[in-house]
Amino acid sequence: MTIIQLTLTVCLILIGIYMYTRLRSTLLDVILILLATGTGIFFVLFPDFTTQLAHWMGVGRGVDLLLYLGFLFLFFLIIKLYARIRKMEHNFTEVVRNKSIKDAENLEKKN
C-alpha cells in the first residue's frame with residue numbers, strides 16, 4: 001500500500017464517520033454512506049480496476065471516469081438542492097402570506 005492509498009483510505013473512513021454522525025436518521029442513509037465509503041476505498045486500493053472499467057465504458061483512464069461520474073453526481077446534487085430551496089421559499093411565502101392575512105383580520109376585528 002502506498003502513502004497516497006493510505007492517506008485516501010483514512011480520509012474516506014473519516015468522511016464516512018462524519019457523515020454517519022450527521023445523517024444517521026434512516027437506514028437508507030447508513031446504507032448509502034457505507035456503500036459510498038466502501039466503493040471509494042475499493043477504488044483507492046484497486047486503481048487498476050477503475051482503469052479496466054473505464055476502458056470497458058470507452059474512457060481512456062480510470063481517473064477520467066471517476067471525474068466524469070463525480071461531475072454528474074455534483075450536478076445532480078446542485079439540482080436537488082435548488083429544488084429544495086425553491087420548495088422552502090414557496091413554503092415560507094405561504095406562511096408569511098397566511099400570517100399577514102390573519103394579522104389583517106385581527107386588526108379589522110379590533111376596529
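Remarks
- Label-point separation, Asn98 to Leu35 (7 Å along Cα→Cβ), nm: 3.5
- Protein accessible area in the range 34-111, 1.4 Å probe - carbon and sulfur %: 69
- The chain - percent relative contact order, Cα under 8 Å, separation 6 or more: 15
- Length released on extending from Lys109 to Arg86, taking residue separation times 0.36 nm less the Cα-Cα span: 4.8 nm
- Helix 3-23 axis, angle to the chain major axis (alpha carbon atoms, nearest 10°): 30
- FRET efficiency, 1/(1 + (r/R0)^6) with R0 41 Å, evaluated for Ile79 and Ile4 via beta carbons: 0.80
- Accessible surface comparison of Asp48, Asp103, Asp29, probe 1.4 Å, protein chains only, largest first: the order is Asp48, Asp103, Asp29.
- The chain: C-alpha pair distances exceeding 22 Å, %: 58
- Per residue, the accessible area of the chain comes to 87 Å², computed with a 1.4 Å probe over protein heavy atoms only.
- Listed residues Met88, Met19, Met1 arranged by accessible area, highest first, probe 1.4 Å: Met1, Met88, Met19
The values are calculated or read from the model by the stated rules, or taken from the named source; none is laboratory data. Computed from a predicted structure; not experimentally measured. Ideal geometry is used to build each Cβ from the backbone, glycine not excepted, and the neighbour counts take in all protein chains shown. Just so you know, the surface numbers come from the protein's heavy atoms only, side chains and all, with ligands and any DNA or RNA stripped out. Shrake-Rupley method; radii C 1.70, N 1.55, O 1.52, S 1.80 Å.
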